[in-house]
Amino acid sequence: MPEIIVTGSYHHPFYKMVVQKLRLSGVNVISQNSPTVPKNADLPSLMIPSPSVSNRVASVDSRAQALERSIIVRAAATLLIPNHRPIVMQNSLTRQVLDKSGQNLASHNEINIVINETYDELSSQLVMRLSYLGRQSDPDARVPQPGELVLVPSEGDDPYALEIQTSGYEGMTLIEALKAQDTAEKAMSSEMSLDNLNNGQDVLNHRPQLPKVEPKLLHAAPEDLNI
């Protein structure tokens, strides 16, 4: 992925860490805070919202005071690839910190340091997942695909002859294979108009009628109270 557009919460530290690590990896990043963001439909786009942070009490002492806290940081990003459906990347990490009784400032600083460290780790994992989309396992080594190991009947004159099924995604990166797969699915799919799918009017015009039955009260009082 030589070039990518990154949008989202550009004031957040997690957004800045992802952009910095992408640029250190050699990617030309067009961030949201850039002077000009081109509207190029051929470039992939990454949308990064602000991560969510949860601070929960993990353990308490005999006086019901918090001893240990669980810091849960959840991050999600949406990758928009041309000619492909959006790819949602989610990840979360849980960190444990000790709650120092009587030292609120020290506990608060420790929690902020742990959260920033978690942002750094989550940003590294997101960049690593993005790098897999433009990378092959080993371009020099010839590895057979699963489809190539299947023998299918040959189309020749001999009915007992077999040939190996070849794969159409050989030599492609993952992002190129995803685009080719989506294009092939669109070519093989059938089209149907909206009128054929919208059968709700038939249900509304022919409303089902409940059978006419005589209601019987199960808990009604008897007619003669002397019984």
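The values are calculated or read from the model by the stated rules, or taken from the named source; none is laboratory data. Given the structure is predicted, the values throughout are model-derived calculations rather than measurements. Virtual Cβ from ideal backbone geometry, glycine too; neighbours counted across all protein chains shown. Just so you know, the surface numbers come from the protein's heavy atoms only, side chains and all, with ligands and any DNA or RNA stripped out. Shrake-Rupley method; radii C 1.70, N 1.55, O 1.52, S 1.80 Å.
Counting only lysines at least 8 places from Lys100 when in the same chain, there are none with an alpha carbon closer than 27 Å to its own.
Under the rule a/c < 1.5 gives rounded, and otherwise a/b versus b/c splits prolate from oblate, where does the stretch 3-134 land using the Cα gyration tensor? The partial results should precede the final answer.
Numbers: a/c = 3.21, a/b = 2.54, b/c = 1.27.
The shape class here is prolate.
How big is the antiparallel share of DSSP beta bridges in the stretch 3-134, given as a percent to the nearest 5?
Details: 23 of 31 bridges.
Rounded to the nearest five, the antiparallel share is 75 percent.
Close amide H partners of Ser9, meaning residues 5 or more places away or on another chain with modelled amide H under 5 Å apart, are Ile48, Ser50.
For Ser50, the shell of other residues with beta-carbons less than 14 Å away shows a net charge of +2, using +1 for Lys and Arg and -1 for Asp and Glu.
Where does the charge balance sit around Ser31 when Lys and Arg score +1, Asp and Glu -1, over other residues with C-beta under 13 Å from its C-beta?
Values: positive: Lys16, Lys21, Arg23; negative: Glu3.
That works out to +2.
A simple spin-label model places pseudo-atoms 7 Å from Cα toward Cβ; at Glu117 and Lys216 they are separated by 7.3 nm.
Extension gain, Gln90 to Gln32, is 18.8 nm, computed as 0.36 nm per intervening residue step minus the present C-alpha separation. Extending 7 Å from the Cα toward the beta-carbon at both Val53 and Leu98 defines two label points whose distance is 2.1 nm.
What number comes out for accessible area per residue over the stretch 3-134 if the probe is 1.4 Å? Units Å², please.
Details: 7590 Å² over 132 residues.
For the stretch 3-134, the per-residue accessible area is 57 Å².
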